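The values are calculated or read from the model by the stated rules, or taken from the named source; none is laboratory data. Just so it is clear, the model here is predicted, and its values are computed rather than measured. Because the Cβ atoms are built from the backbone with ideal geometry, glycine has one as well, and the counts that use them run over all protein chains shown. Please note that ligands, DNA and RNA were not included when accessible areas were found on the heavy atoms of the full protein model with its side chains. Shrake-Rupley method; radii C 1.70, N 1.55, O 1.52, S 1.80 Å.
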Amino acid sequence: KLANRRRADVMALSPSGEVLIVEVKSGLPDFRADGKWRDYLPYCDVFAFAVDADFPQDVLPEDVGLLLSDGFEAALLRPWTGEKLHASRRKAVTLAFARAAALRVSAG
């Protein structure tokens, strides 16, 4: 969970330590019914929606990243143009991510 108690669909750390959050959208009704994705923005360096080829991409905000996925792989169609995390927030998010990963591995 993020500090605001939200759970991201996909969260990752890049080799350079950037925090990436991906929100997977199964279709237009899913996107329209879900406004919580904005709550993820303060906790990542990079944010993107992952959608399939049938999703109407023009409804997605232009300042967020866009991944086109077929369920097996994804292609970056548009990078995120938002702000990077402050160093102290990145450290807190990274430590929380590491703790969650360690707990999953040890429960394993």
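Heavy atoms of the protein chains alone define the surface here; on that basis the chain has 65 Å² accessible area per residue at 1.4 Å probe size. Among beta bridges from DSSP that stay inside the stretch 9-68, the antiparallel ones total about 30%. Put the Cα centre of the stretch 46-72 next to the Cα centre of the stretch 1-15 and the gap is 18 Å. Report, to the nearest whole %, how much of the accessible area of the chain belongs to carbon and sulfur atoms, 1.4 Å probe, protein only. Carbon and sulfur together cover 56 percent of it. Residue order by solvent-accessible surface for 23, 83, 73 is 83, 73, 23, largest first, with ligands and nucleic acids left out and a 1.4 Å probe. Answer with one residue from 42, 29, 53: the one whose Cα lies farthest towards the positive end of the charge dipole of the chain, charges on Cβ with Lys, Arg +1 and Asp, Glu -1. Of the listed residues, the answer is 42.
Counting only DSSP beta bridges with both residues in the chain, the antiparallel share comes to about 45 percent. Over the chain, DSSP H runs of length four or greater, each weighted -39,500 (n - 2.57), average out per residue to a 222 nm ellipticity of -8000 deg cm²/dmol. Counting only Cβ charges, +1 for Lys and Arg and -1 for Asp and Glu, the dipole size of the chain around its Cα centre is about 860 debye.
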